[in-house]
Amino acid sequence: MRPDWRQVLKAVLDFRGIQALFTSINPRTIYLYSIVIGLLAGVGAIVFNEVLHAVSEVTMRSWAHLPGPLTAAGALSPGDVPDTLPPRRWLWVLLPVVGGLISGLLVKTFAPEAEGTGTDGYIDAFHNQAGSMRGRVPLVKSLATLATLSSGGSAGKEGPIAQIGAGIGSAFARYLKMGARARRTMMVAGAAGGLGAIFRAPLGGALTAVEVLYKDDIETDALTPAIISSVTAYTLFSAVNGFEHVFAYNADAFHAPVQLLFYAVLGLVCSGVGYLYVRFLHGSKRLVFDRLPINKYLIPPIGGLLVGLVGLAFPQVMGQGFGYVQQLMLHQPMGGIETGVRVLATLAVLKIVTTSFTISSGGSGGVFAPSLFIGAMLGGCVGTLSHQFFPVLVPDVTPFVVVGMGAFFAGVANAPIASLVMVAELTGAYELLPPLMVVAVLALITSRRWSIYTTQVDNKFSTRAHLWEMNPNILKRVTIGDVMRGRYGRSAIIPHDMPLARIEAFSAETGASDLLLLDDLGGLAGLLSLNDLGDRAALEHVSELLLADDLINRRTIYLSPQDNLIRALEFFGEREFDKLPIVESTDGHDKLLGYVRYEDIIAFYRREHD
């Protein structure tokens, strides 16, 4: 008979009062939990990294004979292929197709929310799901990303690592029955642990986890737990894999203030190209892949095919590309190609293209590694031109490669502080902090209107995670009727007897997945969230028979126009449903007036608060 590990753990916690220590929620125990979560996240990072390296060695090296130089830290990409082994170019095209097919099957079948970057899923869980994440998501995300990266897909591994760590933190908090606020903190600590370990950047991992949540803010409440978890995970990971930096950096230190002018130009270039990167990534998904009239499971393989075709001419843009960034920093030919401005610019553009094909088609992986690659190529371009025209002022190109990495990610991720610290820890080039700070400020000024992460919110006023910080005097004296002034939302209301097939079409047309059902008398019949139905393809054969009434999957709650904002925000804080019905009783009959959204309340609060 197999032991019940939950009972074993409970018995351990019962021993000598330890249970009381672990179930008491206060700052000291939160810090203790962060150590535990860091250890678990470190183990997750070790396992993921080792499996990725082993599988990539088989697929990309043994099978495809695709060259992939090691970085200074090693084991981040397949090793060099001996010259005696001719490349199997047909596998360069076929493998991304197979990887896309496997990734798509895993994600679309078992966890649709694991699609894409992974960091977006972590951000969404923090803001909209009270720090909760389905237990299967980290596992599905990890397997899907393994399939993507080991087959040459252009993506990074920070997405699944963030979700693995966040999932560990969320599960840990749920087991201890923590509230939403503590659960969010534990989830951030887990994400920080995963990032700090996999990139050997303890401070950068912690700052990234708390900064990518917002465009204009930082999650200060979780910063200390994030640092504790990140340092713990980093120490465990590096004890197994070594404490050296990911990249070897041996260039001169920053010592000429006039060079800041050249770095400022680099920052502006990275900001402009970053805008194009974000638009191309999101646009290719919305305008191309989401509109393909084919089975959804076939879309990721199409993205993989396009990546493979580009990789035939430029294999440098397949995979993570860290090895080629290292070659550029060491002034070595990148995959046998001599680096020049035209070559570097071409690789930057093609990396944008292949990353968009991989992620936008439904493949799984992060965008941090591709962002570093693109930034390094742009840094090489600006540094090379600066050296050609001003050789005395710019004697070496390598610092521009490093600063370009930080500049580009800072702009596309709205994470200027995290990016400069992360790049400094990746390379050990702490002496480049002054130019990195310059480009971070430029990113802060020029890139706030766009982001590679679609689920980022502006600041703490824009998230349910900080409802408790709002002024209670305003919330108490204002009613729902005052906020909406009779202009309640109506576009997400459907008849209670609408068939599922028509509901799907309605949702695709309006973009609404959380719906209100209207009964025959004009009252509220129930609430329906399409996201809760899971894989709706399995219901396709009965989509004309299933009615909205049959699919009701949310407890019917509602407000009246006389309820104040505190009551409304209590509902929003506890549930992921993005709208609340407003019902008014007239002559003994409840009439559905419409609904109020969380965004409506926040917009009103800002006007009143400012």
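The values are calculated or read from the model by the stated rules, or taken from the named source; none is laboratory data. Since we're looking at a predicted model, the values are computed, not measured. With ideal geometry, Cβ positions are generated from the backbone for all residues, glycine too; neighbour counts draw on all protein chains shown. Please note that ligands, DNA and RNA were not included when accessible areas were found on the heavy atoms of the full protein model with its side chains. Shrake-Rupley method; radii C 1.70, N 1.55, O 1.52, S 1.80 Å.
Please find, among Val367, Val269, the residue that is in contact (Cβ under 8 Å) with a residue 12 or more places away in the chain, touching a strand residue (DSSP E or B) at 6+ places or on another chain (Cβ under 8 Å) and not hydroxyl-bearing (Ser, Thr, Tyr).
Val367
Contact list please: Cβ distance under 6 Å, first residue in region 173-187 and over 18 Å from Arg28 (Cβ atoms), second residue hydroxyl-bearing (Ser, Thr, Tyr), pairs at least six apart or on different chains.
Hits for this filter: Met187/Ser170.
So in region 555-569, with the set limited to residues that are open to solvent by 20 Å² or more (accessible area, probe 1.4 Å) and in contact (Cβ under 8 Å) with a residue 24 or more places away in the chain, which one is farthest from the chain's Cα centre (by Cα)?
The qualifying residue farthest from the chain's Cα centre (by Cα) is Gln562.
Residues of region 420-431 being assigned to a helix (DSSP H, G or I) and either touching a Ser or Thr at 6+ places or on another chain (Cβ under 8 Å) or surrounded by fewer than 24 Cβ atoms within 10 Å (Cβ to Cβ) (or both), which ones?
Matches in region 420-431: Met422, Ala424, Glu425, Tyr430, Glu431.
Is it the case that Gly193 is open to solvent by less than 10 Å² (accessible area, probe 1.4 Å) and farther than 30 Å from Gln316 by Cα?
Against the criterion (open to solvent by less than 10 Å² (accessible area, probe 1.4 Å) and farther than 30 Å from Gln316 by Cα), Gly193 does not qualify.
Scan region 250-265 and report the pairs whose first residue is under 14 Å from Phe390 (Cα atoms) and whose second residue is at pLDDT 90 or above and open to solvent by 30 Å² or more (accessible area, probe 1.4 Å), with Cβ atoms within less than 7 Å and a gap of 6+ or a chain change.
From residues that are under 14 Å from Phe390 (Cα atoms), the pairs are Ala256/Leu393; Val258/Leu393; Gln259/Leu393; Leu260/Val438; Tyr263/Val438.
Sort through Arg183, Arg134 and tell me the only one that's open to solvent by 20 Å² or more (accessible area, probe 1.4 Å) and either within 22 Å of Gly365 (Cβ to Cβ) or among the acidic types (Asp, Glu) (or both).
Result of the check over Arg183, Arg134: Arg134.
Quick one: which of Ile123, Ile168, Ile198 is more than 19 Å from Gly38 (Cβ to Cβ) and either modelled with pLDDT of 90 or more or open to solvent by less than 10 Å² (accessible area, probe 1.4 Å) (or both)?
Testing whether each residue is more than 19 Å from Gly38 (Cβ to Cβ) and either modelled with pLDDT of 90 or more or open to solvent by less than 10 Å² (accessible area, probe 1.4 Å) (or both) leaves just Ile123.
Within the set of pairs 6+ apart or on separate chains, which have a first residue in region 320-333 that is touching a residue at least 60 places away in the same chain (Cβ under 8 Å) and under 13 Å from Ala251 (Cβ atoms), a second that is small (Gly, Ala, Ser) and open to solvent by less than 10 Å² (accessible area, probe 1.4 Å), and C-beta atoms under 8 Å apart?
If the second residue must be small (Gly, Ala, Ser) and open to solvent by less than 10 Å² (accessible area, probe 1.4 Å), the pairs left are Leu328/Ala376; Leu328/Gly380; Met329/Ala376.
Listed here are the residues, each with its yes/no results for (1) under 20 Å from Val423 (Cβ atoms); (2) in contact with a Leu (Cβ under 6 Å, 6 or more places away or on another chain); (3) modelled with pLDDT of 95 or more.
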{"site": "Ser150", "(1), (2), (3)": "no, no, no"}
{"site": "Gly153", "(1), (2), (3)": "no, no, no"}
{"site": "Arg181", "(1), (2), (3)": "no, no, no"}
{"site": "Ala192", "(1), (2), (3)": "yes, no, yes"}
{"site": "Glu219", "(1), (2), (3)": "no, yes, no"}
{"site": "Ile228", "(1), (2), (3)": "no, no, yes"}
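Determine which member of the set Thr398, Thr384 is more than 19 Å from Asp216 (Cα to Cα), open to solvent by 10 Å² or more (accessible area, probe 1.4 Å), more than 18 Å from the chain's Cα centre (by Cα) and of a type in the set (Ser, Thr, Tyr).
Thr384
Confirm whether Ser585 is without any contact (Cβ under 8 Å) to a residue 24 or more places away in the chain and either surrounded by fewer than 16 Cβ atoms within 10 Å (Cβ to Cβ) or in contact with a Ser or Thr (Cβ under 8 Å, 6 or more places away or on another chain) (or both).
no
Could you please give the count of residues in region 495-542 that are in contact (Cβ under 8 Å) with a residue 40 or more places away in the chain and of a type in the set (Val, Ile, Thr)?
Of the residues in region 495-542, 2 are in contact (Cβ under 8 Å) with a residue 40 or more places away in the chain and of a type in the set (Val, Ile, Thr).
For region 81-88, indicate whether the set of residues that are at pLDDT below 85, surrounded by 17 or more Cβ atoms within 10 Å (Cβ to Cβ) and either within 17 Å of the chain's Cα centre (by Cα) or of a type outside the set (Gly, Ala, Ser) (or both) is non-empty.
The answer is yes; a qualifying residue exists.
Can you tell which of Ile601, Ile552 is in contact with a strand residue (DSSP E or B) (Cβ under 7 Å, 6 or more places away or on another chain), on the phi < 0 side of the Ramachandran plot and either at pLDDT below 85 or open to solvent by 10 Å² or more (accessible area, probe 1.4 Å) (or both)?
Only one candidate passes the filter, namely Ile552.
Inside region 242-268, can you point out the residues that are surrounded by fewer than 21 Cβ atoms within 10 Å (Cβ to Cβ) and under 25 Å from the mean Cα position of the chain (by Cα)?
Once the filter is applied, which keeps residues that are surrounded by fewer than 21 Cβ atoms within 10 Å (Cβ to Cβ) and under 25 Å from the mean Cα position of the chain (by Cα), region 242-268 yields His245, Leu268.
If I ask for residues that are open to solvent by 10 Å² or more (accessible area, probe 1.4 Å) and among the hydroxyl-bearing types (Ser, Thr, Tyr), which ones from region 89-116 would you list?
The answer is Thr109, and nothing else.
Would a scan of region 140-163 turn up a residue that is over 26 Å from Met318 (Cβ atoms) and open to solvent by less than 20 Å² (accessible area, probe 1.4 Å)?
no
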